[in-house]
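First comes the structure, then the notes that go with it.
The values are calculated or read from the model by the stated rules, or taken from the named source; none is laboratory data. Here the structure is a predicted model, which means the values were calculated and not measured. Here the Cβ is made from the backbone with ideal geometry for all residues, glycine too, and neighbour counts use every protein chain on show. The accessibility values were calculated without ligands, DNA or RNA, using every heavy atom of the protein model including side chains. Shrake-Rupley method; radii C 1.70, N 1.55, O 1.52, S 1.80 Å.
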Amino acid sequence: MEKSIENIWREGFVESDALVAPKINNLYNQKSIHIIDKFKRMFKINLIAIVVFSFAFLFISFFVGIPITGIIFFVTLSALVVINKKLLNDLEKIDIGISSYQYLKAFNQWINKQISINKRFSKFLYPIIFMSLVLGFWFKDAEGEPLGERLVSKILTGFPETYLVFGIPAIGIVIALIIIGLLALFGGQIYKWDLKLVYGRIFKKLGELMTDIESLRS
Amino acid sequence: MSSDFYKSSILPFAGIIIKLCRAYTNSQEDFEDYYQEVCLQIWRSKDNFREESQWSTWIYRISLNVCLTLLKKKKNNVQHFVSDSITAEETENNYAFPNESLNLLYDAIRKLSEIDRAVIMLYLEEKSQKEIAEIIGTNPNNIGVRVRRIKIRLKKILDGKIN
């Protein structure tokens, strides 16, 4: 060999067509598939976590004496999982073979549908969870007597003038109704905060990608 | 990634990405896959860039890591799915540079170990020993000796003394 490897290297790349970057048309497809796959994975894990939690909580609730809370939690969360599983099935139906722009558009539509359904569900979910906790502790056995009734007896001993509605202090009912009202009012917002916390980064990347592809199309 | 990101932050360094990907692939198809994967990883990891090193050093590091990962995956696939009679290291005829000496040099580089390939590529790109060590994650003192050994081996391969 006559030339040094340094010279071969230097001279080899002097020719203009030695370093032609390949087209990266497929890059957007890869990126969109990557983002959506990541979302699907997280969504599935989330659903599995809810199922595991609802079973575990049901089990624990019987042990700690608040089965009503456990049962209501279980039923409500199961409904949430069923609804979201159906949504996930719709997501799986999006054809991966379409262009990245169409794929992302379809995914975006699915996200909006999913957010809208879960937002509506959250208006009921949080008040139901609150009520299940109240009922669970109200009927919890406290030395042969429901905890709620015991609490009312104590209140009546201290404040005999307390106004009762169906054996429950009216002030307690008012406070519970205010909390339920606030949870129903802000349920959708709480869901959006939750969503942002879990999927915020993915949505940001998705938004960037959509803007990017749209700028290329215009 | 904005479309500008590719043009402003990746394309100016496309040369080294191409050179590195070429050293770890034997066909145009693989090369394009590797190149795209490197670009994808740079875009994916751009938020992790802390400016502790130069952007170019960071690109070298990502390119190298992606190439090594893909090569490892490919090797595993070859072991699992391809019969022993087919050699994975054969370079396709249509996968060549216009310069014949450069093709011979690349063929020789492909015969080196994965890390030696990276070391010699970075050396040929006139990176300092410190930079090479930083990219590969090794001691700068060892790089000089390693480069000398690799060059001797390359010379032997090019002279046809070893296969």
Inset, instruction - Those residues that are aliphatic (A, V, I, L, M), out of contact with any Ser or Thr (no Cβ under 9 Å at 6 or more places or on another chain) and more than 11 Å from A:Lys38 (Cα to Cα), I need them from region A:195-209; list them, please. - result: A:Leu195, A:Leu197, A:Val198
Inset, instruction - Check whether at least one residue in region B:106-114 is within 13 Å of chain A (Cβ to nearest Cβ), at pLDDT 80 or above and surrounded by fewer than 16 Cβ atoms within 10 Å (Cβ to Cβ), and report yes or no. - result: yes
Legend entry - Selection status of A:Ser122, within 16 Å of the chain's Cα centre (by Cα), surrounded by 16 or more Cβ atoms within 10 Å (Cβ to Cβ) and hydroxyl-bearing (Ser, Thr, Tyr): yes
Inset, instruction - State whether one or more residues within region A:130-144 are part of a helix (DSSP H, G or I), within 30 Å of A:Asn112 (Cα to Cα) and open to solvent by 60 Å² or more (accessible area, probe 1.4 Å). - result: yes
Legend entry - Only listed residue being within 14 Å of another protein chain (Cβ to nearest Cβ), touching a residue at least 60 places away in the same chain (Cβ under 8 Å) and among the hydrophobic types (A, V, I, L, M, F, W, C), chosen from A:Leu135, A:Leu195, A:Leu206: A:Leu206
Inset, instruction - Can you tell me which residue within region B:127-160, out of those that are open to solvent by 90 Å² or more (accessible area, probe 1.4 Å) and charged (D, E, K, R), is farthest from the other protein chains (Cβ to nearest Cβ)? - result: B:Lys130
Inset, instruction - Please tell me if A:Asp95 is acidic (Asp, Glu) and part of a helix (DSSP H, G or I). - result: no
